[in-house]
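Let me begin by presenting the structure, written as structure tokens, before commenting on it.
The values are calculated or read from the model by the stated rules, or taken from the named source; none is laboratory data. Computed from a prediction, not measured in an experiment: that's the story for all the values here. Positions of Cβ are generated from backbone atoms using ideal geometry, with glycine treated the same way; all protein chains shown enter the neighbour counts. Surface accessibility is based on the protein's heavy atoms, side chains included, excluding ligands, DNA and RNA. Shrake-Rupley method; radii C 1.70, N 1.55, O 1.52, S 1.80 Å.
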Amino acid sequence: MFAIPIFDACHFFNADITGCPLTIAASSCLTGAAVRYDGASKDFGPLHAWPAAQIRTLPICPEVGAGLTVPRPPVQLVATNRRAAPRARGRDIKTLDVTTALEQFAHTSLQQLRAESTLCGYIWKSRSPSCGLGSTPLFNDTDTQIDVVSGIQAHHIVTALPWLAHIEETQLLAPTVAARFL
């Protein structure tokens with residue numbers, strides 16, 4: 001673990017906000033929730049080291065929020081043509097398509113995030129078809145990786161809330177990057 005100095009964030013961002021803490025949204029699996037497709041979590045220890053009096057974590061799992069089960073069949077992003085947005089299709093069950101459910105949840109969660117008056121950042125799970133931030137493999141119909149893109153949730157939220165501090169958990173492993181993010 002590493003120590004990160006925290007400033008008086010409440011007054012730095014908005015002097016009218018009292019009773020902080022500031023809110024950072026995070027992929028639920030990173031907070032220790034067993035919500036991944038395989039029923040596991042990807043608990044990210046540094047999140048638990050941050051002072052709860054100053055930082056509140058808002059866990060969000062787009063797949064569970066979209067009504068998908070735990071466990072569930074794995075999905076991957078697939079490009080159906082160059083102009084259309086990628087589809088979230090089953091990796092092993094090729095007829096499975098959960099794109100619409102994930103896009104609907106992205107819309108719903110955007111409203112929740114906009115209502116969070118102390119929201120200042122979002123920590124994304126790398127390589128996830130919903131949460132990857134520029135690290136999610138994009139495949140063609142023959143299962144060949146053709147690119148690396150953002151997941152469906154990450155794409156929607158970053159586009160709608162570009163002023164938020166956005167970062168993947170893998171980037172937070174560097175203490176200087178973590179300090180800069182905070």
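Is segment 103-121 home to any residue that is over 19 Å from A66 (Cβ atoms) and within 12 Å of the chain's Cα centre (by Cα)?
Scanning segment 103-121 turns up at least one residue that is over 19 Å from A66 (Cβ atoms) and within 12 Å of the chain's Cα centre (by Cα).
Pull out all pairs, ordered by first then second residue, where Cβ-Cβ is under 9 Å, the residues are six or more apart or on different chains, the first lies in segment 43-56 and is in contact (Cβ under 8 Å) with a residue 24 or more places away in the chain, and the second is of a type in the set (S, T, N, Q).
F44/S27; F44/T31; L47/T31; L47/T57; W50/T57; I55/T23; R56/T23; R56/T118
Are any residues in segment 161-181 exposed (fewer than 14 other Cβ atoms within 10 Å of the Cβ), in a helix (DSSP H, G or I), without any contact (Cβ under 8 Å) to a residue 60 or more places away in the chain and not aliphatic (A, V, I, L, M), and if so, which ones?
Those that are exposed (fewer than 14 other Cβ atoms within 10 Å of the Cβ), in a helix (DSSP H, G or I), without any contact (Cβ under 8 Å) to a residue 60 or more places away in the chain and not aliphatic (A, V, I, L, M): T176, R180.
Taking segment 22-54 as the region of interest, how many residues are of a type outside the set (S, T, Y) and part of a loop (DSSP other than H, G, I, E, B)?
17
I'm trying to understand the selection: among the residues of segment 21-45, which are more than 20 Å from G151 (Cβ to Cβ) and open to solvent by less than 20 Å² (accessible area, probe 1.4 Å)?
The answer is L22, T23.
Looking only at segment 46-58, which residues are open to solvent by 70 Å² or more (accessible area, probe 1.4 Å) and under 17 Å from H166 (Cα atoms)?
Scanning segment 46-58 gives a single hit, R56.
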